[in-house]
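Below: one structure, written as structure tokens.
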Amino acid sequence: YDIGEETSRAEPGITISYKSVRRALERQKDSLEQIWIDYPHDYLFDEWHGGGPPTRPMGSFTSFKKLRRFRIASTYLFGFTEHTDINRLVESLPEQLEELHLRHGDEDEEITAGLGKLLEAKQRGRFPELKELKVEASLPWLLARGQAPLADNTRHNKDVMAELVQKAEGLGLE
């Protein structure tokens, strides 16, 4: 699903609910093998209202026992909250996952720390079927330094990502 997409700039923004999307997916959790949830950059959150209360993450997908390929905007996993848990990525994914593709990784400062936790979990034996990990991020974000406290603000994001790529390759991930 592409959520919240406008067909033209003349149309009003389309708001969506994390909760309603989650409820719809939950009804099919025993059969879904692939999920693709994304949004355009001009997306409006109905729980957020463009500046209201923070948007909570969509929740864990660990009960989706057939899910193998997961393509999702990282914000759906991390949410727009003041206090983000960097373990949320690891805690949100089903163990049998084979492919993970995180979109809009440059919109979540906690992405590098969350990926580090994911690779540590894989190294300890979790996610044994995970063979492919992709993260989409913009060039300006890669050239910037991370923003503390959720990211390493002493290095450029590209350097942190390069280190994560090397670790992922060492674990057999593409």
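Can you list the equivalent-ellipsoid semi-axes of the stretch 87-174, largest first and in whole Å, using the square root of 5 times each Cα gyration tensor eigenvalue?
22, 13, 12
Would you mind getting me the FRET efficiency between ARG27 and GLU91? Use the beta-carbon distance for r and R0 = 22 Å, nearest 0.05.
Plugging the Cβ-Cβ distance into 1/(1 + (r/R0)^6) gives 0.50.
Quick query: amide H of LEU93 versus all other amide H atoms, modeled in the peptide plane; which residues come in under 5 Å with a sequence gap of 5 or more or a different chain?
The answer is PHE61.
Counting only protein heavy atoms and a 1.4 Å probe, tell me what percentage of the stretch 60-174's accessible area is made up of carbon and sulfur.
C and S fraction of accessible area: 49 percent.
Step through the residues of the stretch 22-33 one at a time and calculate ³J(HN,Hα) from phi using the Karplus curve (6.51 cos²θ - 1.76 cosθ + 1.60, θ = phi - 60°), rounding each to whole Hz and writing x for Gly and Pro.
With the stated coefficients, the stretch 22-33 comes to 4, 4, 5, 5, 4, 5, 10, 4, 7, 10, 6, 9 Hz.
Kindly sort LYS66, LYS117 by accessible area of their heavy atoms, largest first, with the probe set to 1.4 Å.
Sorted by accessible area, descending: LYS66, LYS117.
Under the Karplus relation 6.51 cos²θ - 1.76 cosθ + 1.60, θ = phi - 60°, what is the ordered set of whole-Hz ³J(HN,Hα) values for the stretch 57-72, x standing for Gly and Pro?
Karplus values, whole Hz, x for Gly and Pro: x, 5, x, 6, 10, 5, 7, 8, 5, 9, 5, 10, 10, 10, 10, 8.
Show the residues, 5+ positions off or on another chain, whose built amide H is closer than 5 Å to the amide H of ARG71.
Result for ARG71 returns ILE35, TRP36, ILE37, HIS101.
The values are calculated or read from the model by the stated rules, or taken from the named source; none is laboratory data. A quick note: this is a predicted structure, and the numbers were derived from the prediction, not measured. Here the Cβ is made from the backbone with ideal geometry for all residues, glycine too, and neighbour counts use every protein chain on show. The area values use the complete protein model at the heavy-atom level, side chains included, leaving out ligands, DNA and RNA. Shrake-Rupley method; radii C 1.70, N 1.55, O 1.52, S 1.80 Å.
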